[in-house]
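J.: I'd like to ask you about the structure that follows.
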Amino acid sequence: MKVIIVGCGLGGLSCAISCLKEGLQVTILERAPEILPVGAGIQIPPNATRVLNYYGLEEQLEKSGAIRIEDRLLRRYSDGRILCIRPGGKKMVEDFGFPYYVIHRADYQNLLIEEVLRQGADLRMGAEVVDVTFGASPTVTLRNGQILDADVIVGADGLWSHLREQVLGHPNPPEETGDLAYRGTFSRTQLENFQDPIVDAIINDNKQHLWMGPGKHCSFYPVRGGTEFNLVLLRPDNLPAGARTAAGDVLEMRSTFDDWDPALQKIISCMDSVLKWKLCHMHELDTWVKGHVALLGDACHPSLPYQAQGAAMAVEDGCVLGILLGRANRESSNAAELRRNLPSILDLYESLRKSRTTVNVKGSIRNRTMFHMPDGEEQRARDEALAKVTWKEPCVWQWGDIGYLKKLNGFDVIKDTNRVFDQWVGHVAKI
Ligand SMILES: Cc1cc2nc3c(=O)[nH]c(=O)nc-3n(C[C@H](O)[C@H](O)[C@H](O)COP(=O)(O)OP(=O)(O)OC[C@H]3O[C@@H](n4cnc5c(N)ncnc54)[C@H](O)[C@@H]3O)c2cc1C
């Protein structure tokens, strides 16, 4: 089976590895002429680690500079007071099966690229897809006019997906959320130069710190083996409607947080150039599949990054699609039967992934309510509820609700996909 994947982001690469693991032939088409280290840090929650472990890449993660997070801390914006601690380390593995990592996005992407190349994928850079056809032998047309065909085409082309609009047959931009992110990385030396014991404690604890306050929050964690740090600042959007990213004004950024925790302000002052990203999301898209073409990742379920699950969900999508295609390929007795089965397999993929990824889109919105709450009675009640979190009992806030977190982070996507495929085989055998 030949699979063309449009987009060399984390979702497309995961799909490529999953397909290659199943013995399928993979071509990846990426518009960018080269991979640039954009996007700063990224969190890899345990459900994504599970997939990387299935690919045999967990050990490589640490060699690529990923750090296993000890705890995740929620802090009060004004003074840095700790409001709740989600225990990491062994407890994370006990509860969810796998560790929680943080990594530089470029290191993550490079690790996956090395793996697809090692397994023989045909990766073409500077290959922008401008058109697609949907029949039993679907094709893509590149900007240079070249036409390529495959058995299945996967649109992993991100938030501003061209393939999404082709699948739907009409323009369908994502919805602006009203928030934007400043994001950047800087060196440990910059932080050590403050010689501030509070800053030193924060940079030496291998933890993720999240300060939450009215209308804004900040997330901070180490990357590159602790030699660099990642900072993301989230605030109300003031970019013009329709803008995607823009160079940020450092003074504007600093003044947005000038009444926040003094230790955090020192950390913020290390960012000497900054990009602003408009944050968009999308509520359940009507369809992810047309004929032999399927979407995955941000192309079909972009979310606010307030649950650190966007890429994790894209990585899960890719894994599921590869397993389903691989098993369909193995279990069809000839090419004609496989062709007949593919639309039903792609529908199965869509039904499996829609419900799971909607949990993330909605959960990220609920986290915004919790993170960005104005000071007052409701905020005091929130802080009291968070102070009582035991990680055994339910909590009204999903961030501290072990039941919710087990479903999100402990989900065994590989077992679940195989179970659903077995049911599908049983169903097909009956008709
Ligand atoms: C501030 C911020 C912080 C985040 N933090 C986290 C986090 O901690 N953890 C997490 O799991 N997620 C996080 N996310 C979400 C995560 O970044 C995305 O969900 C994820 O990167 C989506 O991956 P993707 O492969 O679907 O798309 P992308 O990474 O956008 O990849 C799409 C690729 O397709 C290519 N492409 C586009 N159009 C074409 C075309 N026509 N032809 C060929 N190629 C094309 C693009 O160049 C790109 O390389 C965060 C997001 C933001 C904004």
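The values are calculated or read from the model by the stated rules, or taken from the named source; none is laboratory data. In this text the structure is predicted, and so the values were computed from the model without any measurement. Backbone-built Cβ (ideal geometry, glycine too); neighbour counts: all protein chains shown. Just the protein is used for accessible areas: all its heavy atoms, side chains included, with ligands, DNA and RNA removed. Shrake-Rupley method; radii C 1.70, N 1.55, O 1.52, S 1.80 Å.
J.: Please verify whether L13 is among the aliphatic types (A, V, I, L, M) and surrounded by fewer than 18 Cβ atoms within 10 Å (Cβ to Cβ), treating the condition exactly as stated.
T.: It is false that L13 is among the aliphatic types (A, V, I, L, M) and surrounded by fewer than 18 Cβ atoms within 10 Å (Cβ to Cβ).
J.: Could you please find all residues in region 406-419 being open to solvent by 20 Å² or more (accessible area, probe 1.4 Å) and in a helix (DSSP H, G or I)?
T.: Answer for region 406-419, where residues must be open to solvent by 20 Å² or more (accessible area, probe 1.4 Å) and in a helix (DSSP H, G or I): K406, K407, I414, K415, D416, N418, R419.
J.: Among V154, V140, V130, which is aliphatic (A, V, I, L, M), surrounded by fewer than 20 Cβ atoms within 10 Å (Cβ to Cβ), in the same structural domain as A40 (by TED's automatic domain parsing) and in a strand (DSSP E or B)?
T.: Selected residue: V130, the only one of V154, V140, V130 that is aliphatic (A, V, I, L, M), surrounded by fewer than 20 Cβ atoms within 10 Å (Cβ to Cβ), in the same structural domain as A40 (by TED's automatic domain parsing) and in a strand (DSSP E or B).
J.: Now for a different question. Can you find a residue in region 142-149 that is more than 10 Å from the ligand (Cβ to nearest atom) and farther than 16 Å from K2 by Cβ?
T.: yes
J.: If you take just the strands (runs of 3 or more DSSP E) that sit entirely in region 1-52, which of them hold at least 3 residues that are in the same structural domain as I402 (by TED's automatic domain parsing) and closer than 13 Å to Y108 by Cα?
T.: Those strands (runs of 3 or more DSSP E) span 41-44.
J.: Quick one: in region 89-106, of everything that is aliphatic (A, V, I, L, M) and assigned to a helix (DSSP H, G or I), which residue is nearest to the ligand (Cβ to nearest atom)?
T.: By that ranking, first place goes to A106.
J.: Residues that are more than 15 Å from the ligand (Cβ to nearest atom) and buried (at least 17 other Cβ atoms within 10 Å of the Cβ): does region 36-51 have at least one?
T.: No.
J.: Same structure, new question: Of the residues R86, R81, only one is within 16 Å of the ligand (Cβ to nearest atom) and either aliphatic (A, V, I, L, M) or over 30 Å from A336 (Cα atoms) (or both); which?
T.: Working: R81 fails: within 16 Å of the ligand (Cβ to nearest atom).
Unique residue meeting the criteria: R86.
J.: Select from region 328-345 the residues that are part of a helix (DSSP H, G or I) and of a type in the set (G, A, S) and write down the one among them that is nearest to A294 (Cα to Cα). If you could, list the steps in order and put the result at the bottom.
T.: First, pick out the residues of region 328-345 that are part of a helix (DSSP H, G or I): 328-331, 335-345.
Subsequent filtering for residues that are of a type in the set (G, A, S) retains 328, 335-336, 344.
Details: A328: 15, A335: 20, A336: 20, S344: 12 Å.
The residue in question is S344.
J.: Pairs under 6 Å by beta carbon, first residue surrounded by 24 or more Cβ atoms within 10 Å (Cβ to Cβ) in region 298-321, partner of a type outside the set (G, A, S) and at pLDDT below 95, six or more apart or different chains?
T.: Qualifying pairs under 6 Å: C300/L285.
J.: Have a look at G120, G135 and point out the one that is on the phi > 0 side of the Ramachandran plot and not in a strand (DSSP E or B).
T.: G120
J.: Among the residues of region 67-92, what is the count of those that are under 17 Å from V199 (Cβ atoms) and without any contact (Cβ under 8 Å) to a residue 12 or more places away in the chain?
T.: Counting residues in region 67-92 that are under 17 Å from V199 (Cβ atoms) and without any contact (Cβ under 8 Å) to a residue 12 or more places away in the chain gives 2.
J.: Next question, about the same structure. With the requirement that a residue be open to solvent by 10 Å² or more (accessible area, probe 1.4 Å) and either touching a residue at least 24 places away in the same chain (Cβ under 8 Å) or among the aromatic types (F, W, Y) (or both), what does region 331-353 give you?
T.: E331, L338, R339, N341, P343, S344, D347, L348, E350, L352
J.: Tell me, which residue of region 75-120 that is aliphatic (A, V, I, L, M) and over 18 Å from L52 (Cα atoms) is nearest to the chain's Cα centre (by Cα)?
T.: The selected residue is I85.
J.: Pull up region 243-268, narrow it to residues that are open to solvent by 50 Å² or more (accessible area, probe 1.4 Å) and of a type in the set (G, A, S), then point me to the one that is farthest from N172 (Cα to Cα).
T.: Applying the filter and picking the extreme gives S255.
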